[in-house]
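Accompanying notes for the structure given below.
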Amino acid sequence: MTEQRVEFRVSPDRYKHWRVSYDGPVATLVMDVDEQGGLMPGYELKLNSYDLGVDIELYDAVQRLRFEHPGVRAVVITSGKPKIFCAGANIRMLAASPHGWKVNFCKFTNETRNGIEDATANSGQAYLAAVNGTASGGGYELALACEYIMLIDDRSSAVSLPELPLLGVLPGTGGLTRVSDKRHVRRDLADYFSTKAEGVGGKKAVQWRLVDEAVPRPRWDETVAERAAELAARSSRPRDAAGVALTPLGKTRDDGTIRYGHVEARLDRDAGSVDISVQGPQAGPPPGIGAARDQGDTFWPLAVTRELDDLILDLRTNEPELGTWVFRTEGDPARVLAYDELLLAGAGQDDWFANEVLHYLKRTLRRLDVTSRSLIAVIEPGSCFAGSLFELALAADRSFQLAGVFEDEDPDAEPATIILGDINTGPLTMSNGLTRLQARFWGDEAGYEAAAKRRGTPLEAEDAADLGLVTFAPDDIDWDEEIRIATEERASFSPDALTGLEANYRFAGPETMETKIFGRLSAWQNWIFNRPNAAGPDGALRRFGTGQRAVFDRKRV
């Protein structure tokens, strides 16, 4: 556990580093980082550099723009400091942080930038980076997440990725991938750009596709407003819809338990595991998507997604030694499927709220996919692994479904079942663009079709195992022993090797920009951060700013 527990719940009235303003369909996010407002002691956030605390606020702002401001059609990200847009991740923070902190920090910032791109692609909120000063490293990577990049042309401002020449590492927030796969910068130019510490500005930055437009300072404000208006005009967001407030998330936490309204986690430090229970809805869904909007953030799919999102972030950041997460559910499967059907129907009618809830659930499940923890699903009598909640079992590395019932405890209970719904074959895609069901049956079309045909049918353990929808189906005699062996075995393995194993198996099929960022780039960055050339006492990361040159081991491995 980290020495200081990190809290991901925040609200605009408590922002230290961002200001948000609204002008009709355009919102402006101003980055104005408080130098003395670091999340941890020991560094100053100079030059609009950021740490995890800065990005927690940005993530919160992006979420609120989607749910609380449906009338916002374009978002401008700019700097509140003169001549500097953002200097990227704070180097003193990185140099002083343990390895695991660096990896989790980069993962969260990646997810936040993916959320910005998702808002543009799926919510009609286009992001414009108004780079009104130099953007280096993570600062340029923030701009790269935006749909349109404007750079002020003042003969001094530039965009750069200086991590390799100055720090001996790589851009940790998808920069290399977005330069090539999103901006379509030519390979040789990208190679030169990524080794040129001072970066590229003006017309050359436009010619190389590093930015979309370079604008002289006298016309800057006017041109930014024009481009934001153009982006807003192309949006399909509703003009007059009322937003849904994201009220403070109810949560209690002590050393052994984390509780929310629908989710509870019990922490077993001796076993190195967490038992996570998700409660299904207590009542049926409202009569229509309009009534669902009226429920606001108490609407069950939104409420449970917010809780899961916060729990994943809390455990991932604050409990790195709890390496196995065991998922259980409880409730009525029919109610879960009814809520799913309401969301799908609303999205089919282009309802903005239904769309946002579905995409938020998608992003939260993707956060689970890329989390370096072993995931086990336990399906027992009384479970509601159906539809959207069955995605937790599909995301698991292994799943166990009880064959029959616990004869000594409740011989008259209904056997455990799973139910596939339409939501499992549709919008909840992984980072590779496939549904978890497609990824499960990658290369086995017949298996996929056989499983998909059983949508809506409660499947007991034998049928579920025969269809390949669960891993094992032990009876009550072997049940406790099977679960115990699985969790204890997991705890006995190398966490590093498990992380690599799981990351490889979870993403079958095609590679996308997102899988490259989380797989290829993260794996290399993880390795580079551990190497003495970057993180050793004489490495580039530690010697940056001291006036001393880094000492490199010159062998290529």
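Could you point to the residue in LEU342, GLY443, ALA205 farthest towards the positive end of the chain's charge dipole, with +1 and -1 charges on the Cβ of Lys/Arg and Asp/Glu respectively?
Comparing the listed Cα positions along the dipole, ALA205 ranks first.
Run through all the Cα pairs of segment 99-258 and give the fraction in each 10 Å bin from 0, expressed as whole percent.
Result, from short to long distances: 10, 33, 31, 17, 8, 1 percent.
Relative contact order, percent, of the chain when contacts are C-alpha pairs under 8 Å separated by at least 6 residues?
It rounds to 12 percent for the chain.
What are the ³J(HN,Hα) values, in whole Hz, obtained from phi via the Karplus relation 6.51 cos²θ - 1.76 cosθ + 1.60 with θ = phi - 60°, for each residue of segment 30-37 in sequence order, with x given for Gly and Pro?
Result, rounded to whole Hz: 9, 8, 9, 6, 6, 4, 9, x.
Which value, in debye to the nearest 20, gives the size of the charge dipole of segment 257-339 about its Cα centre, when Lys and Arg are +1 and Asp and Glu are -1 at the Cβ?
My answer is approximately 240 debye.
At 20 °C and a viscosity of 1.002 mPa s, what translational diffusion coefficient does Stokes-Einstein give for the chain, taking Rh as the Kirkwood radius over Cα pairs? Give it in µm²/s as a whole number.
87 µm²/s
Under unit Cβ charges (Lys, Arg +1; Asp, Glu -1), what dipole magnitude, rounded to 20 debye, does the chain have relative to its Cα centre?
3840 debye
Can you find, among ALA126, CYS86, ILE258, the residue farthest towards the positive end of the dipole of the chain? Put +1 on the C-beta of Lys and Arg, -1 on that of Asp and Glu.
CYS86
Given Cβ point charges of +1 (Lys, Arg) and -1 (Asp, Glu) and nothing else, what value in debye, to the nearest 20, does the dipole of segment 30-110 about its Cα centre take?
The calculated dipole for segment 30-110 is roughly 280 debye.
Of TRP220, ALA465, ALA354, whose Cα points farthest to the positive end of the dipole of the chain (charges on the beta-carbon: +1 Lys, Arg; -1 Asp, Glu; origin at the Cα centre)?
Selected residue: TRP220.
Given R₀ = 30 Å, what would the calculated FRET efficiency be for ASP297 paired with ASP408, taking r from the Cβ atoms and rounding to 0.05?
That pair, ASP297 with ASP408, gives E of 0.10.
Pull up the cross-link candidates among the aspartates and glutamates for LYS204, meaning alpha carbon to alpha carbon under 20 Å and not fewer than 8 places away within one chain.
Qualifying aspartates and glutamates at Cα under 20 Å: GLU141, GLU147, ASP153, ASP154, ASP181, ASP188, ASP191, ASP212, GLU213.
For ALA271, what is the net charge nearby, where nearby means another residue's Cβ is under 13 Å from its Cβ and Lys, Arg count +1, Asp, Glu -1?
Summing Lys/Arg as +1 and Asp/Glu as -1 gives -3.
Spin-label point model (7 Å from Cα, Cβ direction): what's the LEU501 to ASP32 distance in nm?
Going from the LEU501 label point to the ASP32 one covers 5.1 nm.
With 5 Å bins from zero, work out the P(r) of segment 487-533 over every alpha carbon pair and list the percent per bin.
5, 17, 24, 22, 15, 13, 5, 0
What residues qualify as long-range amide H neighbours of GLU511, i.e. H under 5 Å apart, gap of 5 or more or another chain, H built at 1.01 Å from N?
none
Would you calculate the convex hull of the Cα atoms in segment 216-357 and tell me its volume per residue in Å³?
Considering the Cα atoms of segment 216-357, their hull volume per residue is 170 Å³.
Taking Rh as the Kirkwood radius computed over C-alpha pairs, what is the Stokes-Einstein D of segment 450-557 at 10 °C in a medium of viscosity 1.306 mPa s, expressed in µm² per second?
Estimated diffusion coefficient is 85 µm²/s.
In a shell of Cβ-Cβ distance under 13 Å around LYS107, excluding LYS107 itself, what net charge do Lys and Arg (+1) and Asp and Glu (-1) give?
+2
Tell me, what HN-Hα J-couplings in whole Hz come from the Karplus equation 6.51 cos²θ - 1.76 cosθ + 1.60 at θ = phi - 60° for each residue of segment 229-235, using x for Gly and Pro?
5, 5, 5, 4, 5, 8, 7
Could you rank the peptides 76-85, 447-456 by their average count of other C-beta atoms within 10 Å per residue, with the highest value first?
76-85, 447-456
If we sort 514-526, 219-231 on the protection proxy, mean other Cβ atoms within 10 Å, highest first, what's the order?
Result, highest mean Cβ count within 10 Å first: 514-526, 219-231.
Order the peptides 59-67, 169-177, 102-110, 24-32 from the highest to the lowest mean number of other Cβ atoms within 10 Å of their residues.
Result, highest mean Cβ count within 10 Å first: 169-177, 102-110, 59-67, 24-32.
Please compare each pair in LYS182/LYS362; LYS107/LYS362; LYS46/LYS83; LYS16/LYS81; LYS196/LYS555 to a cut-off of 19 Å on the Cα-Cα distance and tell me which ones are over it.
LYS182/LYS362; LYS196/LYS555
Could you state the accessible area per residue of the chain in Å², with a 1.4 Å probe and every protein chain left in place?
Ligands and nucleic acids excluded, the figure is 42 Å² per residue.
Within the set of other residues whose C-beta is less than 15 Å from the C-beta of GLN282, count the net charge using Lys and Arg as +1 and Asp and Glu as -1.
Every neighbour counted, the sum reads -3.
Hey, what number do you get for the chain at 222 nm if only DSSP H runs of n ≥ 4 count, each worth -39500 (n - 2.57), divided across all residues, to the nearest 500?
Only helices count here, giving -11000 deg cm²/dmol.
For segment 292-309, what does the Karplus curve 6.51 cos²θ - 1.76 cosθ + 1.60, with θ = phi - 60°, yield as ³J(HN,Hα) per residue in whole Hz, taken in order and with x for Gly and Pro?
5, 4, 5, 6, x, 7, 8, 3, 3, x, 6, 4, 5, 5, 4, 5, 4, 4
Quickly work out the THR247-to-SER492 label distance, labels modelled 7 Å from Cα along the C-beta direction, and quote it in nm with one decimal.
In this crude label model, SER492 to THR247 measures out at 4.9 nm.
Using a 1.4 Å probe on the protein heavy atoms, what percent of the accessible area of the chain belongs to carbon and sulfur?
49 percent
The values are calculated or read from the model by the stated rules, or taken from the named source; none is laboratory data. Keep in mind the model is a prediction, meaning the values are calculated, not measured. Cβ atoms come from the backbone with ideal geometry, glycine included; neighbour counts cover every protein chain shown. Heads up: the accessible areas ignore ligands, DNA and RNA and are worked out on the full protein's heavy atoms, side chains in. Shrake-Rupley method; radii C 1.70, N 1.55, O 1.52, S 1.80 Å.
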